[in-house]
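Asker: Supplied in structure tokens, the structure appears directly below.
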Amino acid sequence: MTWFRKLSIRYQFIVIGLIITAIIPIVILGVYRQSSRFIIEQNTQYNEELISMMKQRISSNYANISELMINLGYDATVQNLLAETDNLRIYEQSKKVQSLMSVIKSTYPDIIDIAIISNDHKLISMKGLIRQAEQVGDSLGSDGTVHYAGFVPGDMINERDHFLFGMNIFSSGNRIAYGDKAGYIVLALDVQDINKEFQKFPRLAGTSFYLFDAQNLVYSNSEPGQGLPDEIRSFVLNEGQALESAETKKSSRYILQANALPEIQGKIVTATPISMLMKGLDRLKRTSYALSGSTLLFIFLLYSVMKMNVLKPLSELMSFMKRLKTQNLEVLHSRVHLEGYAEIEVISNEFNTMLERIHGLTHQLLGANKNLYESELEKQRIEFAFLQSQINPHFLSNTLDTIKGIAIVEGSKGTYEMAGALSRMLRYSIKGGDEVGLGEELQIVSSYMKIHQLRFSGRIQYEQDCPEELLGLAVPKMILQPFVENAVNHGLESIGKGGIIRVDAIRSDGELIVTISDNGTGIPPQRLAELNRILQSEDALLSEHIGIRNVHNRIRLKYGKPYGVTLASEPGRGTQIGLILPAIPLRMPETYIS
């Protein structure tokens, strides 16, 4: 936020206004999307439950039809009819069977017709409305289960759309060998039976139901004459053919759901228009637009008030102060008059009072300036000496060693390790010389990470890979720890557990390359470009990001321009810092810190 503090009040207010103006639509959009998602999820869940219940009802009806056909097919009267060869007795038996069919019809009014066909193609029908009865027998196979035989649209003979079900009948008597096929039964069920099941459940937001068998659309509760929408046709053909269970898909206009219906080798499909679901959110849209407009108007009015009462008086004050900077003592005789908020007027009065005092004390200050300056220098020297005497690094180091001893006696391993790590870092910081071995520098990094791992147990993992032959190479003192500290504080602090910091060292073409990498939050592209610009800048007085530039300049000043620091980062993936140094052995034998 340094850049924001450097902005003028005017631009700070404009930035804050823009942020507020941007946040409100974002929040409203988030609420709108969350509401949309909730509505869609609720509708989807309801339709899933509805389809499941309808599927259970259809399955139950199918079971009842199957039981009815089995009971009728193995009724003694039907068995005698199928085995009879005498035409007179066949006529008598058929009347009994038709009476039995009529009883069944009165029990199940949605049954349109029942036909029984013998092996020698004698057909006994309740009403004679099943024209496809003889063709059904070819698709029943050799078992005795009930089969779905297809959908038949209404025609001149039978005006009602209907399903056909068929079942082989096997002999249970002596006139035809027991177990041999005696004929088959065909039943026509009105499709309106399905419609009754659909009408038992209310539908939400204009939801349409479609019932398909293996080949055709057999039922729809949409408006008459309304064709099958392309999204639904594509969903059924491309995704619904191999459907074995529930399937949900969101198209540009519909929320589509399908569920397999094995009884008729088909599926139930629901299509809910998204526009109908979102209709209730139109009011939220209008409210959001009105709120955004009101916010812009309010910010503009507030800015106008601020400009008249704060910005304009401050601009006048700044202009007057610039005239004072011209070192013209005559300006001290003039006064500034500001109008605005009460605080602005107080500032104006106090500033004029200050000018009067400055005017009176100017000559005294000029005469006493030299003595005051020398006195201040002496005071700073005394304070500095006093501060130096407050902390003796060797005393602190010995005290930490004492704490380690106490920790061993008390059995506090964590305290012992943390005190030891801090002691090593303290002795390392007061050690003379600007150059150390890579191994010693890595030990200090390990000590630093040990302290953090003891403080935040389990949150940060530290890994290090450095070939043994590189440990004796010379590196500038305290060159790795600042980057590891940055990785801990800025890269991993916000991610909780799972943070990893890794230090790798390799030798390549006479250069020592040390890489510090983490899996933290990373650096945004704009910030990364700014950091690289600072590293490449030749301006030695540049004050931004002193830590990174300080290490970079130390390497450049000591070894030359080809060496230095490189940065690479990807938001959400982590940051990688490379230090390129000459591979030079340490001149003096190094003593590793224990």
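Coordinate-derived values only; no laboratory data. Everything numeric here is computed off the predicted structure, so don't read it as measured data. Note that each Cβ is placed from the backbone with ideal geometry, even for glycine, and that neighbours are counted across all protein chains shown.
Asker: Please give me, ordered by residue number, the trypsin sites (Lys or Arg not before Pro) of region 471-508 that lie in loop per DSSP and have at most 11 other Cβ atoms within 10 Å.
Answerer: When the trypsin sites (Lys or Arg not before Pro) of region 471-508 are filtered for loop state and at most 11 Cβ neighbours within 10 Å, LYS497 remain.
Asker: Now a separate question. Mind listing the long-range amide H neighbours of GLU511? Cut-off is under 5 Å, sequence gap 5 or more, other chains count too, H placed in the peptide plane at 1.01 Å from N.
Answerer: ALA583
Asker: Another one. Just subtract the alpha-carbon distance of ALA529 and ASP230 from 0.36 nm times their residue separation and send over the number in nm, one decimal.
Answerer: On the way: separation 299, 0.36 × 299 = 107.64 nm, distance 4.98 nm.
Contour length minus Cα-Cα distance gives 102.7 nm.
Asker: Could I ask something else about it? What ranking, highest mean first, results for peptides 13-23, 108-118 when packing means the other Cβ atoms within 10 Å averaged over each residue?
Answerer: In decreasing order of mean packing, 13-23, 108-118 become 108-118, 13-23.
Asker: If I stretch the segment between LEU217 and GLU570 completely, what's the gain in nm (0.36 nm per residue apart, minus their alpha carbon distance), one decimal?
Answerer: 121.8 nm
Asker: Using the Cα centre of region 74-194 as the reference point, and only Cβ charges (+1 on K/R, -1 on D/E), how large is the resulting charge dipole? Debye, rounded to the nearest 20.
Answerer: Dipole magnitude for region 74-194 comes out near 340 debye.
Asker: Going 7 Å from the Cα of PHE300 toward and past its Cβ, which residues in region 8-44 have a backbone nitrogen under 17 Å from where you end up?
Answerer: 14-15, 17-22
Asker: Sticking to Cα atoms, compute the Rg of region 23-77 to one decimal and its Dmax as the biggest Cα-Cα distance, whole number, in Å.
Answerer: When restricted to Cα atoms, region 23-77 yields Rg and Dmax of 23.7, 81 Å.
Asker: May I ask you to list the trypsin sites (Lys or Arg not before Pro) in region 1-47 that are in a DSSP loop and have at most 16 other Cβ atoms within 10 Å of their Cβ? It would help to have the intermediate numbers written out before the result.
Answerer: Numbers: sites: ARG5, LYS6, ARG10, ARG33, ARG37; in loops: LYS6.
Filter output for region 1-47: LYS6.
Asker: Could you give the alpha-carbon Rg of region 74-194 over 2.2 N^0.38 Å, rounded to two decimals?
Answerer: It is 1.03.
Asker: Under 5 Å between amide hydrogens, which residues at least 5 positions from GLU435 or on another chain qualify, with H placed 1.01 Å from N in the peptide plane?
Answerer: So GLU435 has HN proximity to LYS477.
Asker: Taking N as the number of residues in region 122-175, what is its alpha-carbon radius of gyration divided by 2.2 N^0.38 Å? Could the numbers behind the result be given before it?
Answerer: On the way: Rg = 13.0 Å, N = 54, 2.2 N^0.38 = 10.0 Å.
For region 122-175, the normalised Cα radius of gyration comes out at 1.30.
Asker: Starting from 0.36 nm per residue, how many nanometres of slack lie between TYR11 and LEU291 once their C-alpha separation is accounted for?
Answerer: 98.4 nm
Asker: Under 5 Å between amide H atoms, partner at least 5 residues away or on a different chain: which partners does ALA182 have, H built in plane at 1.01 Å?
Answerer: Amide H to amide H, under 5 Å and 5 or more residues apart or across chains, ALA182 pairs with ILE169, PHE170, SER171.
Asker: Can you work out ³J(HN,Hα) from phi for every residue in region 247-254, in order, using Karplus 6.51 cos²θ - 1.76 cosθ + 1.60 and θ = phi - 60°, giving whole Hz and x for Gly and Pro?
Answerer: Coupling constants for region 247-254: 9, 10, 8, 10, 9, 5, 10, 10 Hz.
Asker: While we're on this one: Please compute, over every Cα-Cα pair in region 431-582, the percentage with a separation greater than 27 angstrom.
Answerer: So the pairs more than 27 Å apart make up 22 percent of the total in region 431-582.
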